[in-house]
Structures are given as C-alpha cells and as structure tokens.
Amino acid sequence: MGLSTIILAAGQGTRMRSDLPKVLQPLAGRPLLGHVLDCAAALSADDVCVVYGHGGDAVKNAFPDESLRWVLQAEQLGTGHALQQAIPDTPDSNRVLVLFGDVPLLTPATCQRLLDETPAGDIAVLTVDMEDPTGYGRIIREGSKVSCIVEEKDAGPEEKAVQEINTGVLVGPADKFRHWLADLGNDNAQGEYYLTDVIAMAVNDGVAVHGVKADNWTEVMGINDKKQLAEAERALQARLVDELMAQGVGFADPARVDIRGSLRCGKDVFIDINAVFEGDVELGDGVKIESNNLVRDSKLGAGALVHSNCHIEGATTGTNCEIGPFARLRPGAELANDVKIGNFVEVKKSTIADGSKVNHLTYIGDAEIGKNVNVGAGTITCNYDGVNKHKTVIGDRASIGSNVNLVAPVSVGSGATIGAGSTISKHAPADELTVARSKQITIPGWKRPTKKETR
Ligand code: UD1
Ligand code: CA
C-alpha cells in the first residue's frame, strides 16, 4: 500500500499575534513547516502534499526547492475542510498520513511506529498523555479503542478531565477519508469542519480506531503562541545538544548554546557558554569555542581556538588558527594554517597564508596575504575608492608596521618592510624598507601660545 503524507498548514495562527504566518515562525532558525517537511521527507511516502492558505504564496515560496504538491485552501474552514482540499488528488489505494504544520518536533521514528502498528484498513491517531491538556482535543476511549475526539471548546467537565490528547497525527485509508470528509458538518462551538469528527464516523462504520501513544509530549506539542514557540525552541535545542554530546562534543552548559542550522563537530570539540551557531557550521577536531561567539556558515579547521566575543560568518580556516577576542571574520575570509587574528581585527574576502599574524585593530579587505607575514596594529587596506573595490597583495615574510594605509590596488613584495605610519599607494619592493610619511622635524625655539589677557 502506497503512502501519501498530507501536511495541514493553512491556518492563520491568530494566537501568534504576528504578521508572519504561523507555519513560517522560526524554530532553531528554520520555519515550523520546514521541520515538518524534514520529518515527512524521512518517511518513504510517494506523495508529500502541503495544504496552504493563510499567508498565501509566502508559505509556498519559503520552500522553493522541494518537490512538493501544494494545495490551496483559500478559506480556512477547519482541519477537516483542509484535508478535503488535498484528498481529491490522493490515490484511493494509498494510506494517508496527516501531519500538522504547527507540530514541528515530531520524529520520523514515531511516525514510522504509527504506520507499522496500524493494520492497513484501520485508522490510528497518535496520542499522548499531558499533565495540562488545556487547548487540545481529548481522546475518548471505549475499552482499548478510540471512540471519538472532543475539542476543548466543545468539551464538558468530564471530557476536560481526560489527559490523553490528540496530537493531530492521523493515519488511515484515502478512500475512507474521502467518504467521511464529504459528510463532515460544522455544527460545533467553533463553526469549523473538524478533522477529528471522522473518528466517530469511522467507529460508526465499524472501522477500528487505534490510539497509539507517543513516548513524550514535547515531541508532539502544538505551537499556537509565542510561549509555546519558546518552549519548543528550548526542547529542540536540548535535543540537538544531546545528540552532539553523545558524539563526544563538550559543552560548559548544555542550556546555554543555540544551534540554528547544522553543526558538525570533530573529536574533542569544546563549546563554552553563549555560543550561537547558524546555518552550516563545521568544527574540526579539538576546536575550542570560548564564550559569546556567533559562528555562521563557516568551517573551522582542527585545533582552532576562538576566543570570546567574535563574529564569524562565511569564513574558513585551516588547522591551529587563533581568532579573537573581539574579531570579525566576514564572508570570504580564508585563513590557512597557524594564522592568528587578534582583537578588533576585521577580515573580509581575503586569503591569509600559513603562519601569518594580524593581531590588533586592523581592517583586511580584498587582500591576498602570503606566508609568515606580520601585519602591525592599526593597518588598513584601503580597498574602496568610493566606487570600486581593489586588491592588496602582500608577499611572504613581509612586515607591515603599525598604522599603515595600503591604498589598493597595491602590492608589497616578499620580505619587504613597511615603516610605521606609511601610506603606501605604489608597489613596495621585496626585501627593502619602504617608508612613506613626512619627515620628522623639530622647530628650534618654538613657543606654545599663551592665553591672551581679557580687558
Ligand atoms: C488541533 C486539533 C486538536 C489537537 C491539536 C493538536 C482539530 C479540530 N483539532 O487543534 O484535536 O489536539 O490540533 O495540536 O483538528 N489548519 C489548516 N486549515 C484550517 C485550520 C487549520 O490547514 O482551516 C492547520 C493549521 O495550519 C495547523 C493545523 O491545521 O497547522 C492545526 O490547526 P489549529 O487551528 O492549530 O488546531 P488546534 O486548535 O490546535
Ligand atoms: Ca494547533
């Protein structure tokens, strides 16, 4: 039997109080719906369909690369109405797995268990026991089977006391869903077509409805407001850090790190507090990240030591580089091995070869720096003439004195020395000392001005 996964993502999410559609609210840097799509992709479905509506094309456009079937629910009349939109193009012979766009922490393993434990012609609902079930649909059982689901707003006191809730995840045969959905009504407290009403219809038709319990409630929590979004964020961060610790990554405090994307680590990596990783980040063996660092879309080679308070984006390093404190590596910063970037140094779109040091208060942009170069404090590559960017090339073993301006396009030969305070605008030859500043003079007998007497 084939499988069609249908994700309901058309709702407005009024309780978010946001202009951004609910399913696009970010969780660990990825829209809620993105997490659900990742889960769906891990299951072997022959068809993944998303029902979208509120927020219109913004939702669809947020996932351009994925081979999905998008179905518009122009008016959001309820979860049952949403599934009705997708059912006509779903093969009758398939099983349907319904997922909610606002239940992002669900794992493929749990979905697979639900599919495996449900006989082909039956219905199964994924449920969970919640200490505080407020807001969720309650699972009403008769013996071991589910007899119906009652929404919070339609529940009486006895039903409200039930702690087993509907997670929204549902599996059953497409042809039967088609049949029941056609008969749905909206005579309830919210005037909506509830998907949950198909349960009672199934029971009425003699179809068995199984309630399969999830292992923990965090995995199936529905995100309706900012508080739940923040709770889910913490739960997901804990999960991500747990996975990394199992791989041997050390954290000073697992609760004080944020991973918004994919973080791959080698052996013996240590991460101190308040590190934020965004996008695609790779840390080689023995990398140490000190406190308060942002690392985005970067690859740090083995043995890299990042001191506190750095901002690193789109950078790569070889082995044993030392960065910071207070350094900024911008996109295209490519450091080879044993490179040192010190405090208040900014590097953009530049290559720095083995063993070179840029230790203090410097801007390096559009530069090519050779091996074992020393760049003195306060050096600036003047790469921008107000219209175009130009390149600075510095040869191996060059030594750039403090407070030097390198007016690009310009080059410094290998082994050259540049005197402190120079403004270099022409090629500085190899192995020579080049100085470009006015000569120091002393004016004999010069006197400081004195204060004029006022009358
Ligand atoms: C729903 C369930 C409830 C369950 C809870 C789990 C129903 C009637 N209720 O309630 O039993 O405990 O989820 O989190 O199913 N959506 C559409 N079109 C619509 C309405 C909703 O696509 O017209 C989508 C939403 O984008 C969302 C999902 O369906 O992803 C759930 O909708 P929501 O309004 O959040 O339902 P709940 O009240 O949370
Ligand atoms: Ca919800």
Exercise for review: Return one quarter of the surface area of the convex hull spanned by the alpha-carbon atoms of segment 60-161, equal to its mean projected area, in nm².
Suggested key: 9.0 nm²
Review point. If W446, W217, W70 are ordered by their accessible area, calculated over protein heavy atoms with a 1.4 Å probe, which sequence runs from highest to lowest?
Key: W446, W217, W70
Check your understanding: Stokes-Einstein D for segment 14-91 at 10 °C, 1.306 mPa s, Kirkwood Rh over Cα pairs, in µm²/s?
Key -> 118 µm²/s
Exercise for review: Sort all Cα-Cα distances of the chain into consecutive 10 angstrom bins from zero, then give the percent of pairs in each bin up to the one containing the longest distance.
Suggested key: 4, 17, 20, 16, 13, 11, 8, 5, 3, 1, 0, 0
Exercise for review: State whether segment 16-61 is rounded, prolate or oblate according to the following rule on the C-alpha gyration tensor (a ≥ b ≥ c being the square roots of its eigenvalues): a/c under 1.5 gives rounded; otherwise a/b larger than b/c gives prolate, and the remaining case gives oblate.
Suggested key: oblate
Review point. What FRET efficiency would be calculated for the residue pair D183, R234, taking the C-beta separation as r and a Förster radius of 45 Å, to the nearest 0.05?
Key: 0.60
Practice item. Extending each Cα 7 Å along its Cβ direction at K447 and E243, get the distance between those two points in nm, one decimal. Key: 8.0 nm
Check your understanding: If you stretched the chain out fully between V276 and W70, how much longer would it get, using 0.36 nm times the residue separation minus the C-alpha to C-alpha distance?
Key -> 70.8 nm
Point to revise | segment 35-171 - percent relative contact order, Cα under 8 Å, separation 6 or more | key: 24 percent
Study note, to complete from the structure: Tilt, helix 108-117 to longest principal axis of the chain (alpha-carbon atoms), in degrees rounded to tens, equals 20 degrees
Point to revise | Percentage relative contact order, the chain, counting C-alpha pairs under 8 Å, at least six apart | key: 8 percent
Exercise for review: Report, for the chain, the % of DSSP beta bridges that are antiparallel, rounded to 5.
Suggested key: 15 percent
Point to revise | About the Cα centre, charge dipole magnitude for the chain (Lys/Arg +1, Asp/Glu -1 at Cβ), debye | key: 3500 debye
Point to revise | Calculated on alpha-carbon atoms, Rg and Dmax of segment 159-204 in Å | key: 11.8, 34
Practice item. Note the count of lysine pairs whose C-alpha atoms are less than 12 angstrom apart in segment 246-400, limited to pairs 8 or more residues apart or on different chains. Key: 8
Practice item. Assuming R0 = 30 Å, can you tell me the calculated FRET efficiency for the pair E142 and A41, based on Cβ-Cβ distance, to the nearest 0.05? Key: 0.25
Review point. How do F251, F326 rank by accessible surface area computed with a 1.4 Å probe, from largest to smallest?
Key: F326, F251
Study note, to complete from the structure: A student applying the Cα gyration tensor rule (rounded when a/c is under 1.5; otherwise prolate if a/b is larger than b/c, oblate if not) would label segment 3-220 rounded
**Study point:** Modelled label reach - S291, point 7 Å along Cα→Cβ, segment 300-316 residues with backbone N closer than 17 Å
**Key:** 306-311
Practice item. Mind jotting down the distance between the C-alpha centroids of segment 300-365 and segment 148-183, whole Å? Key: 56 Å
**Study point:** Equivalent ellipsoid dimensions for segment 240-434 as semi-axes, Å, which come from the Cα gyration tensor, largest first
**Key:** 34, 15, 13
**Study point:** Distribution of pairwise C-alpha distances over segment 298-360, 10 Å bins, in %
**Key:** 29, 67, 5
Review point. Semi-axes of segment 340-409's equivalent ellipsoid from the Cα gyration tensor, sqrt of 5 times each eigenvalue, largest first, rounded to whole Å?
Key: 18, 13, 10
Review point. Can you give me the relative contact order of segment 240-434 as a percent, contacts being Cα pairs under 8 Å and 6 or more apart?
Key: 9 percent
Check your understanding: To the nearest 10 degrees, how steeply does helix 226-246 sit against the main Cα axis of the chain, on a 0 to 90 scale?
Key -> 70 degrees
Review point. Ignoring ligands, DNA and RNA, how do V287, V407 rank by accessible area with a 1.4 Å probe, largest first?
Key: V407, V287
Exercise for review: Calculate, for K439 and L305, the FRET efficiency according to 1/(1 + (r/R0)^6) with r their C-beta to C-beta distance and R0 51 Å; round to the nearest 0.05.
Suggested key: 0.75
Revision key, fill the gap. Using alpha carbon positions and the Kirkwood radius, the Rg to Rh ratio of segment 144-289 is 1.16
Check your understanding: Considering the zone a paramagnetic label at K213 would reach in this model (a point 7 Å from Cα along the Cα-to-Cβ line), which residues of segment 99-137 have amide N under 18 Å from it?
Key -> 110-111, 113-115, 117-118, 124-134, 137
Review point. Any idea how far the Cα center of segment 367-392 sits from the one of segment 221-281, in Å?
Key: 37 Å
Practice item. Please name whichever of L263, A275, I139 sits farthest to the positive end of the charge dipole of the chain, dipole taken about the Cα centre and charges placed at Cβ: Lys and Arg +1, Asp and Glu -1. Key: A275
Study note, to complete from the structure: Row for segment 125-217, column shape: gyration tensor on C-alpha, a ≥ b ≥ c, rounded if a/c < 1.5 i.e. under 1.5, prolate if a/b over b/c, else oblate; value oblate
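The values are calculated or read from the model by the stated rules, or taken from the named source; none is laboratory data. Because the structure is a prediction, the values reported are computed rather than measured. Every residue, glycine among them, receives a Cβ derived from its backbone with ideal geometry; neighbour counts consider all protein chains shown. Ligands, DNA and RNA are stripped out before the accessible areas are found, and what is left, the full protein with its side chains, is counted by its heavy atoms. Shrake-Rupley method; radii C 1.70, N 1.55, O 1.52, S 1.80 Å.
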